[in-house]
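In what follows, a single structure is set out as structure tokens and then discussed.
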Amino acid sequence: MAIDLSMLTEPLVVTQALAKEHNLSGRAIDFFEIEWYETSKSRMKKKTQGGVEVLVEKSNREALEDGDLLYLSEERAILLKIKPCDCVVLYPRSLQEVGTICFEIGNKHVPIFITDENEVCVAYDAPLYQLLLSGDFVIGIEERVLHPAQMVKAYGNKRKQ
């Protein structure tokens, strides 16, 4: 017997993302959309695009990733979707320019993302954009998804033994 999740009186509780090896064919796919800055939240409550109320209650601050599987049943799968946002995208021409860009952005205490194509991205901020425009950088404003795995971490990196 199929359960209509939109009829639940209590939210569907998610404590962690599920393994990605599941076959999702034949299931209705629903999306739980969040903003890029919400990926590390340990607690949040929202409705999916399909109207299912979901409560994320993680015991850690490990970031959720775009495409993470949050719920799976015979009939339905709920996937995490990070909403795209306006970003300042910089295209460094040298390693020295990467350092200069990251220094300028870091002084504003704004999270920095470096893509697989070696682009430097930050969520759009008008004063920061104006500052970077004055620096003779190759720069643009684009809509992007900021992935937590691409965030530069300048502190707290633990050495694996």
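The values are calculated or read from the model by the stated rules, or taken from the named source; none is laboratory data. Note that the structure is predicted; figures quoted are calculated from it, not measured. Here Cβ is always computed from backbone atoms with ideal geometry, including for glycine, and neighbour counts include all displayed protein chains. Heavy atoms of the whole protein, side chains included, go into the accessibility calculation; ligands, DNA and RNA do not. Shrake-Rupley method; radii C 1.70, N 1.55, O 1.52, S 1.80 Å.
Would the stretch 91-146 count as rounded, prolate or oblate if I go by the C-alpha gyration tensor, calling it rounded below 1.5 in a/c and otherwise prolate when a/b exceeds b/c, oblate otherwise?
rounded
Whenever you get a sec, compute what percent of the accessible area on the chain sits on carbon and sulfur atoms (1.4 Å probe).
C and S atoms contribute 50 percent here.
Of Val56, Thr39, Val89, which is farthest along the charge dipole of the stretch 1-95 in the positive direction, counting Lys and Arg as +1 and Asp and Glu as -1 at C-beta?
It is Val89.
Within the stretch 1-134, how many lysine pairs that are 8 or more places apart, or on different chains, have C-alpha atoms less than 25 Å apart?
The number of close lysine pairs in the stretch 1-134 is 23.
Read phi for every residue in the stretch 123-128 and hand back ³J(HN,Hα) as whole Hz from Karplus 6.51 cos²θ - 1.76 cosθ + 1.60, θ = phi - 60°, with x for Gly and Pro.
4, 4, 9, 4, x, 5
As I understand it, the dipole of the chain uses +1 on the Cβ of Lys and Arg and -1 on the Cβ of Asp and Glu, about the Cα centre. Which of Gln130, Tyr71, Gly26 lies farthest toward its positive end?
Sorting the options by dipole projection puts first Tyr71.
Can you tell me what share of the DSSP beta bridges in the chain is antiparallel? A percent to the nearest 5 is fine.
Close to 70 percent.
Rounded to the nearest 500, what is the 222 nm mean residue ellipticity of the chain from helices alone, with -39500 (n - 2.57) per DSSP H run of 4+ residues and division by all residues?
Roughly -3500 deg cm²/dmol at 222 nm, from the helical runs in the chain.
Suppose a student asked you for the relative contact order of the chain, using Cα pairs under 8 Å spaced at least 6 residues apart; what percent would you report?
Relative contact order for the chain comes out at 23 percent.
Taking the Cα centre of the stretch 1-107 as origin, sum charge times position over the Cβ atoms of Lys and Arg (+1) and Asp and Glu (-1), and report the length of that vector in debye to the nearest 20.
120
Net charge within 14 Å of Gly67 by Cβ-Cβ distance, Lys/Arg positive one each and Asp/Glu negative one each, not counting Gly67 itself?
Here the count lands on -3.
Using a probe radius of 1.4 Å on heavy atoms only, what accessible surface per residue do you get for the chain? Whole Å² is fine.
64
What is the extension gain from Lys108 to His22, computed as 0.36 nm multiplied by their sequence separation minus the C-alpha to C-alpha distance, in nm to one decimal?
26.8 nm
Using a/c under 1.5 as the rounded threshold, could you call the stretch 46-111 rounded, prolate or oblate? The axes a ≥ b ≥ c are square roots of the C-alpha gyration tensor eigenvalues, and prolate needs a/b larger than b/c, oblate otherwise.
prolate
How much net charge surrounds His109 when only other residues with a Cβ under 15 Å from its Cβ are counted (Lys, Arg +1; Asp, Glu -1)?
Counting the neighbours of His109, the net charge comes to 0.
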